Amino acid sequence: LGVAAAHILPTSMAADVMEALEVDSGERQEGVFGGVMNLMQKLGNSVALLAIGWMLELTGYLPGAAIQSPATLTGLRVMVSWVPVVLLIAACLAAAAFPITRRIHRSLVTRADEMRAARAAAGQAGA
């Protein structure tokens, strides 16, 4: 359940940020935001894969060896346990600092709805 939040929260938070941007700029920018998020995910995956290679090299991993050294096994244990824990804690701290609360989000949604209604009314009046 804890790891699932790491996959769901960023997308949920992104929707809140897009609403805030719409209220601030008066324009919807989901396409740009989605493109930037996709790029960041790809960069994150690339860095993670690169880090795995570095960690295997640093720990002395021997490809194809039936038995690995104790240092290698310790390095692998750290890589699959403590590194993710530290990164998840950092992500939780960052999410806790997210400035859009429920109250602010409700206000943003109301303001965005009002802006959309005003644009629709202006479009109908000009038609």
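The values are calculated or read from the model by the stated rules, or taken from the named source; none is laboratory data. What you see is a predicted model; the values in this text were computed from it and never measured. Note that we place each Cβ from the backbone using ideal geometry, even for glycine, and neighbour counts take in every protein chain shown. Side chains are part of the model used for accessible areas, which takes the heavy atoms of the whole protein and leaves out ligands, DNA and RNA. Shrake-Rupley method; radii C 1.70, N 1.55, O 1.52, S 1.80 Å.
Rundown of residues vs (1) of a type in the set (A, V, I, L, M); (2) under 23 Å from residue 11 (Cβ atoms), yes/no style:
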{"position": "31", "(1), (2)": "no, yes"}
{"position": "56", "(1), (2)": "yes, no"}
{"position": "62", "(1), (2)": "yes, no"}
{"position": "66", "(1), (2)": "yes, no"}
{"position": "71", "(1), (2)": "yes, no"}
{"position": "75", "(1), (2)": "no, no"}
{"position": "80", "(1), (2)": "yes, no"}
{"position": "92", "(1), (2)": "no, yes"}
{"position": "99", "(1), (2)": "no, yes"}
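With respect to the conditions (1) open to solvent by 80 Å² or more (accessible area, probe 1.4 Å); (2) modelled with pLDDT of 90 or more; (3) over 18 Å from residue 9 (Cβ atoms), residue 124 falls short on a single one, namely (2).
Does the range 72-91 contain any residue that is without any contact (Cβ under 8 Å) to a residue 24 or more places away in the chain and assigned to a loop (DSSP other than H, G, I, E, B)? Yes, some residue in the range 72-91 is without any contact (Cβ under 8 Å) to a residue 24 or more places away in the chain and assigned to a loop (DSSP other than H, G, I, E, B).
To keep it simple, each residue is scored yes or no on (1) open to solvent by less than 80 Å² (accessible area, probe 1.4 Å); (2) modelled with pLDDT of 90 or more; (3) basic (Lys, Arg); (4) farther than 30 Å from residue 114 by Cβ.
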| residue | (1), (2), (3), (4) |
| --- | --- |
| 7 | no, no, no, yes |
| 10 | yes, no, no, no |
| 24 | no, yes, no, no |
| 40 | no, yes, no, yes |
| 60 | yes, yes, no, yes |
| 75 | yes, yes, no, yes |
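The residue that is nearest to the chain's Cα centre (by Cα), counting only those in the range 47-58 that are of a type outside the set (A, V, I, L, M) and open to solvent by 100 Å² or more (accessible area, probe 1.4 Å), is 54.
If you go through the range 79-89 one residue at a time, do you hit one that is open to solvent by less than 50 Å² (accessible area, probe 1.4 Å), in contact with a helix residue (DSSP H, G or I) (Cβ under 8 Å, 6 or more places away or on another chain) and not basic (Lys, Arg)? Looking for residues that are open to solvent by less than 50 Å² (accessible area, probe 1.4 Å), in contact with a helix residue (DSSP H, G or I) (Cβ under 8 Å, 6 or more places away or on another chain) and not basic (Lys, Arg), one finds at least one in the range 79-89, hence yes.
In the range 6-30, the residues that are touching a residue at least 12 places away in the same chain (Cβ under 8 Å) form Cβ pairs under 9 Å with partners that are open to solvent by less than 80 Å² (accessible area, probe 1.4 Å) and of a type in the set (S, T, N, Q), at six or more places apart or across chains, as follows: 18/29; 21/29; 22/29; 23/107. Check whether at least one residue in the range 24-43 is β-branched (Val, Ile, Thr) and either over 22 Å from the mean Cα position of the chain (by Cα) or assigned to a loop (DSSP other than H, G, I, E, B) (or both), and report yes or no. Taking every residue of the range 24-43 in turn, none turns out to be β-branched (Val, Ile, Thr) and either over 22 Å from the mean Cα position of the chain (by Cα) or assigned to a loop (DSSP other than H, G, I, E, B) (or both). Scanning the range 26-38 for residues that are at pLDDT 90 or above and either of a type in the set (S, T, N, Q) or touching a Leu at 6+ places or on another chain (Cβ under 7 Å) (or both) yields a single hit, 38. If you check residue 102 against the conditions, is it under 30 Å from residue 6 (Cα atoms), open to solvent by 70 Å² or more (accessible area, probe 1.4 Å), among the charged types (D, E, K, R) and free of Cβ contacts under 8 Å to residues at least 60 places away in the same chain? Spelling it out, residue 102 is indeed under 30 Å from residue 6 (Cα atoms), open to solvent by 70 Å² or more (accessible area, probe 1.4 Å), among the charged types (D, E, K, R) and free of Cβ contacts under 8 Å to residues at least 60 places away in the same chain.
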